[in-house]
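This report refers to the structure that appears directly beneath it.
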There are 2 protein chains.
Amino acid sequence: MPQFQANKLLEFCTSLIHGAGVPGEEAAIVADVLVDTSLEGLDTHGISRLPIYLTRIQNGRINAMPNIKVEKTAPALANVDGDNGLGQLVAVKSMQAAIDLAKEAGVGMVATKHSNHYGASSYYCKMASAEGMVGMAFTNTPSGIPPWGGRKPYFGTNPIAFGFPGKGQPVVIDMSSSIVARGNIILAAKEGKSIPEGWAIDSAGNTTTDAKAALDGAVLPMAGPKGYAMALAVEVMSGILSGSAYGPRVGWIYDDSTEPVNIGHSFVAINIDKLMPMDEFVNRMDNMVNEIKSAPKAAGVNEIFIPGERRTNKAKKRSQEGIPLNDQLLGELNKLAKEFGINELK
Amino acid sequence: MPQFQANKLLEFCTSLIHGAGVPGEEAAIVADVLVDTSLEGLDTHGISRLPIYLTRIQNGRINAMPNIKVEKTAPALANVDGDNGLGQLVAVKSMQAAIDLAKEAGVGMVATKHSNHYGASSYYCKMASAEGMVGMAFTNTPSGIPPWGGRKPYFGTNPIAFGFPGKGQPVVIDMSSSIVARGNIILAAKEGKSIPEGWAIDSAGNTTTDAKAALDGAVLPMAGPKGYAMALAVEVMSGILSGSAYGPRVGWIYDDSTEPVNIGHSFVAINIDKLMPMDEFVNRMDNMVNEIKSAPKAAGVNEIFIPGERRTNKAKKRSQEGIPLNDQLLGELNKLAKEFGINELK
């Protein structure tokens, strides 16, 4: 698989997004989120999403030049209307607003409506960590999982994410409410393989190991009723509280509808320095991390990882070796490049 | 099993707590949390804890007359030092402080150290909901679950909880990071029963169905690595950020140590009315709840429950029928009553 240096991809993606009509500075923001996500190995949420985003800008389903409105409603609170801009752009502006609020108020929270798929939550949490703050991010997504006891998807795979400053790398936690990404089931169905018991139900609501039947049914929440409760909490924090779509009203960017998907997010930033000296916080984090890393291991385990550590390791590796793009993705990107009169990626 | 009306228990528990040296008004606060929790059927976290709390006040491990200090450090932020008071008292004062901050700032967050076991998180989230706010509560607990890949407990069963105002009842989400309460394994061991695969590991870190071996090992996190990540996030939000004990330093009230357990919590209150009109929020919540309740059900399912709904139903039932107390608990409570010169519960 061809591999590309991150800075080359950043430049290329910025040009592509700009080529689709997004102003240069804003295109660079979106490209940075996508490349950072791919750098960390989360290929499903990074550059691989660019073709559909740009296609949706071209056919008017995503707004290339949104007028993103940040309305401060209290010292620690703001509403954001994303005006149907690219989710990454709307999310960066929203988290920045939360951070700005937290500088004065100690905490900042932003509820964001009229947005789009924002990729990986971890990026926005890292923005807060880089400013010495705890970051939290909530987003809804198109329906994927049923309420516990139901058989039709209602909630999205609704992730919750936290970022905490650490010594060196921040500690980033980013997890969906579903037991597994739907992509794994799609892949199994394509390959004619079965899926593990407990991942999904069929259209009648019975648990199934048949990947095709699972695609007609629903992916199950993580940890059964707990994942359902988590999906609901995230839905309220992102969809209900922001005034965006919620539940099955959230649109899916891959279908042929022309309606905005109207995804909702919320972001929280907590100014640690107003609670304890930053040095003390970082030392406590570092001590905890060291204790976990050196904890007694279960049989057959070589290393205990801190949440987010594998992504950081992957980013180091890919910073040197480059980010792999498969031929199909590369073809799609270069087709768009040609269309926009931009140098192809080689 | 003998059953008692909630108001009678409230009076009795208040007298008992006051009898142990806690001022009357503060005793009433603690009693209200305990009775409300038992009313909702969460017997493991309610009145059943009172004997150990009072015993620990008697032997000086919990402070009957704490000087709880709330220090506002920014418009939306405060530190609380619980001065080793009863966890329920410290938590109520802390959430009240978060609510007060949120009235002006839109959001209020409080990080609390030097506290004790606070019982069920749901009570504090409901305090926020009753004020038209989103409530969040985080607490650490004595070590129970290992980091993923480890074989010794490090994190507590660290719950995360949310409360959202609704039409009629609030929607309350309250879940631990562990796959199951340790109490279930203790019970299985007592009864010589095996436990399901996936609940626990033995002291070597191998998964086990032997309840006794599990007690020498550790309870597993919910959803594998996700529950580990959640436990870590809650540990930072409660233990690290507040300056309290964290990880294995958190004390266990049932052992013979004389050291304060130094549990940490944090609480967040979000003033919904500053984001959207309260009516609109409640209508959106109600619409979501109705959609979930009427969603297509899986085979064999009679009703889909909203998180917290079963507890609310139980509270209605117990409001009429009374709260059952088993003979052992009743005996312990009445022994203390006799000691304090209070009328026994009959």
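The values are calculated or read from the model by the stated rules, or taken from the named source; none is laboratory data. Predicted model, so just to flag it, every value in this text is computed and none were measured. Using ideal geometry, Cβ is built from the backbone for each residue, glycine included, and neighbour counts are taken over all protein chains shown. Note: areas computed on protein heavy atoms with side chains; ligands, DNA, RNA excluded. Shrake-Rupley method; radii C 1.70, N 1.55, O 1.52, S 1.80 Å.
Here are a few things to note about the model shown:
- Every residue from the stretch B:272-299 that is polar (S, T, N, Q) and within 7 Å of chain A (Cβ to nearest Cβ): none
- Condition broken by A:Y123, with the remaining ones in (1) farther than 28 Å from B:L101 by Cα; (2) touching a strand residue (DSSP E or B) at 6+ places or on another chain (Cβ under 7 Å); (3) not hydrophobic (A, V, I, L, M, F, W, C) satisfied: (2)
- Answer residue from the stretch B:36-48, given it is over 14 Å from B:E321 (Cα atoms) and of a type outside the set (D, E) and is most open to solvent (accessible area, probe 1.4 Å) among those: B:T44
- For the stretch A:108-120, a residue qualifies if it is within 10 Å of another protein chain (Cβ to nearest Cβ) and open to solvent by 10 Å² or more (accessible area, probe 1.4 Å), and exactly one does: A:K113.
- Meets criteria (within 11 Å of another protein chain (Cβ to nearest Cβ) and more than 14 Å from B:T141 (Cβ to Cβ)) for B:S319: no
- Residue satisfying all of: in the stretch B:141-161; more than 11 Å from chain A (Cβ to nearest Cβ) and open to solvent by less than 10 Å² (accessible area, probe 1.4 Å); nearest to B:A102 (Cα to Cα) among these: B:N158
- Matching residues in the stretch A:162-186 - criterion: being touching a Gly at 6+ places or on another chain (Cβ under 9 Å), open to solvent by 40 Å² or more (accessible area, probe 1.4 Å) and over 23 Å from A:A223 (Cα atoms): A:Q169
- Residue ID - most open to solvent (accessible area, probe 1.4 Å), chosen from residues in the stretch A:69-107 that are within 16 Å of A:S238 (Cβ to Cβ) and facing chain B (nearest Cβ under 8 Å): A:N79
- Helices (runs of 4 or more DSSP H) fully within the stretch B:268-346 counting 3 or more residues that are over 26 Å from B:Q169 (Cα atoms) and open to solvent by less than 30 Å² (accessible area, probe 1.4 Å): B:327-340
- Some residue of the stretch B:266-286 being at positive phi and under 22 Å from the mean Cα position of the chain (by Cα): no
- Any hit, the stretch B:248-262, residues being crowded, with 22+ Cβ neighbours inside 10 Å, more than 10 Å from chain A (Cβ to nearest Cβ), in a loop (DSSP other than H, G, I, E, B) and hydrophobic (A, V, I, L, M, F, W, C): yes
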